Structure formats: C-alpha cells, structure tokens
Amino acid sequence: MKLTKQQIEEIDNRLEQDGIKYWDIRIELLDHVVTDIENRLEKGEELERAVTNSFNSLGWNGDLKQINREGWQNVNNRFRREYHKGFLNFFKSLKNSSLFVLGVVVFNFLSSVLTFSVFKNVCVIAFGLPLVFVIYSYATVLIKKYGKSVNLDYGLFYLILSFLILQAIPIFFKNQTELTQKIVWISILSIHYVSIYAGYNLYKKAVSKVESIRNQLLS
C-alpha cells in the first residue's frame, strides 16, 4: 500500500517537529520511514500503528534529536575525510605543485627585498584576499534559498576552516625574530592556499549534492 502525498507531508512535518532540522538529512530519513511504513501496511498494520512502530524503530523517545545529531556527525566525518584527501590530492597535480613552489619562491623573494613591516602587511592582505571569493561564493548560494542544509553548512565550514585556524598563529610568534616571523608567514600562506583549494572543491560538491536533491524533489 502506497502512502498519499498528504500522508508523506504529514510524516515529513513530524520528523521536523521531532528534531530533524536539516532538510537534506530529513529527506533521506523520510524515504526510509515511508518505505518502512508501507511495508508495515502491506503486512496488515493500521496506519497509525505503522507510523508509531516505524518511529519507535528509529529510536524515538519523545523526539529524534539523537538521530539528527548522528546525521550531522556522519556528514562531518565524511567531509573531514574528503577535505584531508583533497589537501593531499593538490600535490598530485604537477601544475598545482609548480604553483605551490612558485608561490613560496615569490614570497621568499619579497621577504628579502621588502622591509619587514611592509612584508607583513603584504602577507596579511594575501591571507585575507580569498575571503572576497568566499563571500561571493556563499552569496551566490544564499540567494537561491536552499534552506537549512547540513551539507551546505559543513561545505562552508571547511571552506573557511583555514581562516579560523591559521589567523591566530602569527600572534604566538610576534615576539620572535623577523626571520622566524617571515618563515611562519610563508608557511601559513602556503598551507592556507592549499586548504582553500581543498575547501572550495568540497564546497562545490556540497552545493552540487544539494542542488541534485532539490531537483529530484521538484521533478
């Protein structure tokens, strides 16, 4: 026995009310619940009993917040693995590796011809410059009104992760010699731009997945 569109919408609303706040997690869970309920109906259970038993089988105990938490934790674990993989994959490309070496050489050269104060300002600008690109990328997705998506949230998180982690490092070396601080800045920028590369590729995958899910729902 197949559930009606209205019945499926009611189940979806209940999932949201019971704590499944991310719609892309909810869609996957809804598909599982609907299939389970339909199987129970085929075995002769009444609809109300089938719904109750299906929710209980998920571990319902007043709400489904634990399921929601497990859902975003699983997504985070997957994103973390892909992020680290993307970072390493950067160096598998001869073009990328060449650009990496060129960047290190250029900033090493700048550190020798510029005063330390000017060099540090150049590094600060170079560190913050990708934020313009990040804001633009996020704005183009935001206007599409995808809603509260766990994939987009983690895609954005890993896109800006290097900003969050690396920005504080120069503070710990501000009392060190100029040479040490120059080495630190060159190292930070090298890691930063590879991280942006890995984060952006992951963010694009997140956007593509969300768009794919939404197109399936609208089709």
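Once you have the Cα-Cα distance between residue 205 and residue 7, take 0.36 nm times their residue separation minus that, and quote the gain in nm to one decimal. Let's see the in-between values first.
Details: separation 198, 0.36 × 198 = 71.28 nm, distance 3.22 nm.
Answer, rounded to one decimal: 68.1 nm.
Which one, (i) 7, 25, 24, 17, 12, 8, 4, 1, 0; (ii) 7, 33, 37, 19, 4, 0; (iii) 6, 15, 18, 17, 13, 10, 6, 5, 4, 3, 2, 1, 0, gives P(r) over Cα pairs in 10 Å bins from 0, in percent as derived from the coordinates shown?
Matching entry in (i) 7, 25, 24, 17, 12, 8, 4, 1, 0; (ii) 7, 33, 37, 19, 4, 0; (iii) 6, 15, 18, 17, 13, 10, 6, 5, 4, 3, 2, 1, 0: (i).
Expressed as a rounded percentage, what relative contact order does the chain have, with Cα pairs under 8 Å and six or more residues apart? Numbers along the way, then the final one.
On the way: 158 pairs, mean separation 58.3, N = 219.
So the answer I get is 27 percent.
For a protection proxy built on the mean count of beta-carbon atoms within 10 angstrom, sort 96-107, 200-211 highest first, please. Walk me through the numbers on the way to the answer.
Values: 96-107: 13.4, 200-211: 18.5.
Highest mean packing first, the order is 200-211, 96-107.
Distance between Cα centroids, the range 85-106 to the range 130-183: provide it in whole Å.
19 Å
Against the longest principal axis of the chain, how steep is helix 23-42, in degrees 0 to 90 to the nearest 10, with axes from Cα atoms?
Orientation of helix 23-42: about 20 degrees from the principal axis.
Charges only on Cβ, +1 for Lys and Arg, -1 for Asp and Glu: so what's the dipole of the range 1-160 about the Cα centre, in debye to the nearest 20? Don't skip to the answer; put the middle values down first.
Details: 20 positive and 18 negative charges, 215 e Å.
That gives the range 1-160 a dipole magnitude of about 1040 debye.
Based on DSSP H runs of at least 4 residues, each adding -39500 (n - 2.57), what is the mean residue ellipticity at 222 nm of the chain after dividing by all its residues, to the nearest 500 deg cm²/dmol? Please list the in-between numbers first.
Details: 11 runs with 177 residues, N = 219.
After summing the helix terms and dividing by residue count, I get -27000 deg cm²/dmol.
Which distance in nm do the two modelled labels at residue 66 and residue 167 give, with both placed 7 Å along the Cα-to-Cβ direction?
Calculated label separation equals 3.7 nm.
Within the set of other residues whose C-beta is less than 12 Å from the C-beta of residue 211, count the net charge using Lys and Arg as +1 and Asp and Glu as -1.
Details: positive: 144, 204, 205, 209, 214; negative: 24.
Here the charged neighbours net out to +4.
With a 1.4 Å probe and all protein chains left in place, how much of the accessible area of the chain comes from carbon and sulfur atoms, in whole percent?
Numbers: 7960 of 13440 Å².
Using a 1.4 Å probe with all protein chains present, the chain comes out at 59 percent carbon and sulfur.
Please name which of 147, 66, 133 has its Cα lying farthest along the dipole of the chain towards the positive end, using unit charges on Cβ (Lys, Arg +1; Asp, Glu -1) and the Cα centre as origin.
Going by the charge dipole, the pick is 133.
Kindly report the accessible area of the chain per residue (heavy atoms of protein chains, probe 1.4 Å, no ligands, DNA or RNA), in Å². If you can, show how the numbers build up before the last one.
Details: 13440 Å² over 219 residues.
It amounts to 61 Å² per residue over the chain.
The values are calculated or read from the model by the stated rules, or taken from the named source; none is laboratory data. Because the structure is a prediction, the values reported are computed rather than measured. Cβ atoms come from the backbone with ideal geometry, glycine included; neighbour counts cover every protein chain shown. The accessibility values were calculated without ligands, DNA or RNA, using every heavy atom of the protein model including side chains. Shrake-Rupley method; radii C 1.70, N 1.55, O 1.52, S 1.80 Å.
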